[in-house]
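Single-structure report; data block below.
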Amino acid sequence: EKDGYDWFMLKEIAEQPKAIADTLLGRLGEQGQLVLDEVRLSDQELRDIDKIFVVSCGTSYHAGLIAKYAIEHWTRIPVEVEVASEFRYRDPVLDRSTLVIVISQSGETMDTLMALRHAKEQKARVLAICNANGSTIPRESDAVLYTHAGPEIAVASTKAFLSQIVACYLVGLFLAQVRGMKYEDEIAAIVDDLRKLPDAVATVLASMEEVRALGRSLADADTVLFLGRHVGFPVALEGALKLKELAYIHAEGFAAGELKHGPIAVIDQGTPVVVIVPSPRSRESVHGKVVSNIQEVRARGARTIVIAEEGDEDVVPYADHLIRVPRTPTLLAPVVTTVPLQVLACEIADTRGYDVDQPRNLAKSVTVE
Ligand code: M6R
């Protein structure tokens, strides 16, 4: 059932273009509008929303962090993102005009379920983004948008994660559409970009042999750091989580701008630092700032592993290893930049001789608080 792949995880990484395409299927109209009839909240309810919380755990939490950038930008509705185990116990301010989006691959994560019940008690509207049909979380939610990633067997989430990000984009654009926050042609242009994502991911996958070789050369690392800005920051967190989960290597993700506020002190001769570089077309020169960050860590001895868009020549002088990804609009970039990090973690774990699909101490679905 692994279809010739050594691990379910590798198979699931390879299935990502299809997972994304299936999650988009039937939800994009011919005129480039969003068709989300399954989201059973009335237009009036959607117009009344004045605050959004995105609540989830682990990798699904990282999807929520990415969602914040897109949903706030497209809808101007304030979005807060929180891990479910914290949200539930701090008495968050919720009412009828709050939308709580819970994200869960399995639909059975206890922390997320308890957060959802708390939100409902406070009369908030709850929308689930879930991969498992008929599981508890969508059953208890007011509305559900299923990701169609198909069954995910490996404990480490990959194709479900990319599908969750895409589902969040759909929710954000749908809200913008219903609330009249964007012109039809603006939405249609973003929808066009969404349609290109499966091919973009396929392009990344086609050049993964180099990344696997790089992974083998990193297998002895004690610590790996991940840096990103803007939507690249949650991608950095996800890259670090994958590496911890699978390879049992200490890994941390940082907002690149935080480097000089502390983390730069841990960089030593040869410390691998993975940097997710924003597109040179991104707003307010975050690109230039990240290029400076690469220079800074390299000057302190880091071995730099740089993930940058095709055609970005500014990073070349400072990259010990350069991983290219296709040009993608800034807000959608996490869908492509995450892929090499998944492959890297998988290959490092395999080289160290670990069971990639069933890492120690972890379960696929965490049904206790
Ligand atoms: O099924 P869920 O999406 O609710 O699971 C949440 C986390 O437990 C999950 O993402 C976990 O972090 C994975 N092992 C990540 O690879």
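Each reported figure results from applying straightforward, stated rules to the coordinates on display, with no laboratory input. Note that the coordinates shown come from a computational prediction; the quantities given were computed from them, not determined experimentally. Because the Cβ atoms are built from the backbone with ideal geometry, glycine has one as well, and the counts that use them run over all protein chains shown.
For this structure, a couple of remarks:
- Taking a ≥ b ≥ c as the square roots of the Cα gyration tensor eigenvalues, segment 171-311 comes out prolate, since a/c reaches at least 1.5 and a/b is larger than b/c.
- Note on segment 298-353: Cα-Cα pairs beyond 17 Å make up 49% of the total pair count.
- Overall form of segment 1-88 per C-alpha gyration tensor (a/c, 1.5; a/b vs b/c): oblate
- Global form of segment 67-190, assessed from the alpha-carbon gyration tensor, a/c cut-off 1.5: oblate
- For segment 216-286, the calculated P(r) over all alpha carbon pairs, in 10 Å bins from 0 to the bin holding the longest distance, is 21, 50, 25, 4 percent.
- Of the cross-linked pairs K11/K364; K51/K364; K159/K196; K18/K68, those separated by over 27 Å at the C-alpha level are K51/K364.
- Among D50, D37, D355: highest mean-square fluctuation, GNM of the chain, C-alpha pairs under 10 Å: D37
- Converting the Cα gyration tensor eigenvalues of segment 254-369 into ellipsoid dimensions via √(5λ) gives semi-axes, longest first, of 27, 19, 15 Å.
- Helix screen, the chain: DSSP H segments with Cα axial length of 24 Å or more and mean Kyte-Doolittle hydropathy at least -0.5 are 58-75, 159-178, 334-351.
- Treating r as the C-beta distance of R76 and E184 and R0 as 22 Å, the FRET efficiency rounds to 0.80.
- Rounded to 5, percent antiparallel among DSSP beta bridges of segment 1-138: 5 percent
- Rg over Rh, two decimals, the chain (C-alpha only, Kirkwood Rh): 0.95
- Point-to-point label distance, E121-A363, nm (Cα→Cβ direction, 7 Å offset): 2.3 nm
- Segment 42-122 pair-distance distribution - Cα-Cα, 10 Å bins, rounded %: 19, 52, 28, 1
- Comparing I264, I137, I103 in a Gaussian network model of the chain (Cα springs below 10 Å), the most mobile by mean-square fluctuation is I264.
- The packing ranking, built from the mean of other Cβ atoms within 10 Å per residue, places the peptides 238-250, 324-336, 304-316 in the order 238-250, 324-336, 304-316, highest first.
- Between the C-alpha center of segment 119-159 and that of segment 29-102 there is a gap of 13 Å.
- Among 8-19, 171-182, sorting by the average number of other beta carbon atoms lying within 10 angstrom of each residue, highest first, gives 8-19, 171-182.
- Computed over segment 276-367: relative contact order in percent, which uses C-alpha pairs under 8 Å that are six or more apart: 22 percent
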